[in-house]
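The values are calculated or read from the model by the stated rules, or taken from the named source; none is laboratory data. Only a predicted model underlies this, so the values are computations on that prediction, with no experimental measurement involved. We place every Cβ from the backbone using ideal geometry, glycine too, and count neighbours over all the protein chains shown.
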Amino acid sequence: MSGVHHPVHSTGKGGPVSSRSWWIYRGTGQPLTDIRLADILPPPPAWRNFDGGPVLPPVPAESSETDRRLGALGRATPRQNTHDIDMINTALLLRRPLLVTGRPGIGKSTLAYLVARELGLGRVLHWGITSRSTLRSGLYEYDAIGRAQASLGRGPAGAPMPPGVPGTPGGTAEPAADGGSGGGPRIGDFVRLGPLGTALLPYELPRVLLIDELDKSDIDLPSDLLHVLENGSYDIPELVRARQWERHAQVFTDDPDGTVTVTDGRVRCRAFPFVVITSNGERQFPPAFLRRCVRLNVSPPREEQLAAMIAAHFRDQDGRHDALIRAFVERSRENGGLATDQLLNAVFLRTAGVREEDESWEALLDALWRELSGAP
């Protein structure tokens, strides 16, 4: 653990950050250098230890999405306060989901990308929740219609399947359920793991999973998540039923062009994923769900954090937008909270040539910095 002690600044919940010796994640926004996370991450508690396998290697980062969210690597990044970093490290060490609450647009989902970048945990798996989201859609999808069409040698709308597709000439047939020689397609070719299902694969290091805006879900989804998040495993019934003739099924994952082999229809994690669940505080969650989460309420960003955010997205902006930042913070207090991207929009327009001295500038800011209550 000695390799992770990096003093930074003075301490304080609402002020600048001071590093603590037990931190793995330090909130710098920059990747670890000359340190392997596997060497400094302590073993999990005995009740959160999982033994899935075979172990999968780490996945590469998705730099374009991370840069879009955080700004280009190497530029300044907003420094989080000590309390926030404490809670992130608590969730990381306890292998528990981090439930992040706060007003809309405050940067809750950004936490997942900050952790993934700094700790080198690869591409963030993003599960955006809607009122139609179900536990199964987060775990996996099974294309039963596509498999039935392939079994008949037809593609969509009855079109002939191209050569090489399982169950067609040149394709790979699977044995029949009775052990004989069958001509059906492999069932694994029609299974795709969702973000949650992919995060629970047996990776060497934790995957980062963002479950975004859980309060939009059906009332039962938080409770449905309990079993999976507690046990770190799930079954795919379609593969379980087919295991007699397709014990090792190759399925697609939520990563682009990703595939993995699932044995006997069961997935079990090894390194429990770092799960960030965001909520706008629009509903109450069941006590049993809250008990299994580490909870973090994100405070509005300070002026220095907003300045660092601008520096991360724009070049050569040191000090140029200080007055605009102060005006944004004041307007945010008056309006009950604005989203940080409303500030970025104003900075972009200014750097694109809209003169702040122009008489239309204040009217433009009024249009950009409307309150988020939905009022016209």
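Summary table below
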{"read-out": "Residue check, Val240 in contact with a helix residue (DSSP H, G or I) (Cβ under 9 Å, 6 or more places away or on another chain) and at pLDDT 95 or above", "value": "no"}
{"read-out": "Yes/no for Thr198 being modelled with pLDDT of 95 or more and over 19 Å from Arg136 (Cβ atoms)", "value": "no"}
{"read-out": "Matching residues in the stretch 300-319 - criterion: being part of a loop (DSSP other than H, G, I, E, B) and surrounded by 16 or more Cβ atoms within 10 Å (Cβ to Cβ)", "value": "Pro300, Pro301, Arg302, Phe314, Gln317"}
{"read-out": "Selection from the stretch 71-92 of residues that are modelled with pLDDT of 85 or more and either of a type in the set (D, E, K, R) or within 15 Å of Ala112 (Cα to Cα) (or both)", "value": "Asp84, Ile85, Asp86, Met87, Ile88, Asn89, Thr90, Ala91, Leu92"}
{"read-out": "Answer residue from the stretch 187-243, given it is of a type in the set (Val, Ile, Thr) and in contact with a strand residue (DSSP E or B) (Cβ under 7 Å, 6 or more places away or on another chain) and is farthest from Ile145 (Cα to Cα) among those", "value": "Val208"}
{"read-out": "Residue list for the stretch 111-126, filter: more than 25 Å from Asp34 (Cβ to Cβ) and either modelled with pLDDT under 90 or surrounded by fewer than 22 Cβ atoms within 10 Å (Cβ to Cβ) (or both)", "value": "His126"}
{"read-out": "Lone unmet requirement of (1) at pLDDT below 90; (2) in the same structural domain as Gly197 (by TED's automatic domain parsing); (3) assigned to a loop (DSSP other than H, G, I, E, B) for Gly52", "value": "(1)"}
{"read-out": "Pairs, first among the acidic types (Asp, Glu) in the stretch 113-130, second not in a strand (DSSP E or B), C-beta under 9 Å, six or more apart", "value": "Glu118/Tyr25; Glu118/Arg26; Glu118/Gly27; Glu118/Thr28; Glu118/Gly29; Glu118/Gln30; Glu118/Pro31; Glu118/Leu32"}
{"read-out": "Qualifying residue in the stretch 270-282 (condition: surrounded by 13 or more Cβ atoms within 10 Å (Cβ to Cβ), assigned by TED's automatic domain parsing to the domain that holds Leu214 and in contact with a Gly (Cβ under 7 Å, 6 or more places away or on another chain))", "value": "yes"}
{"read-out": "Lone unmet requirement of (1) out of contact with any Ser or Thr (no Cβ under 7 Å at 6 or more places or on another chain); (2) more than 27 Å from Leu37 (Cβ to Cβ); (3) modelled with pLDDT of 95 or more for Phe274", "value": "(2)"}
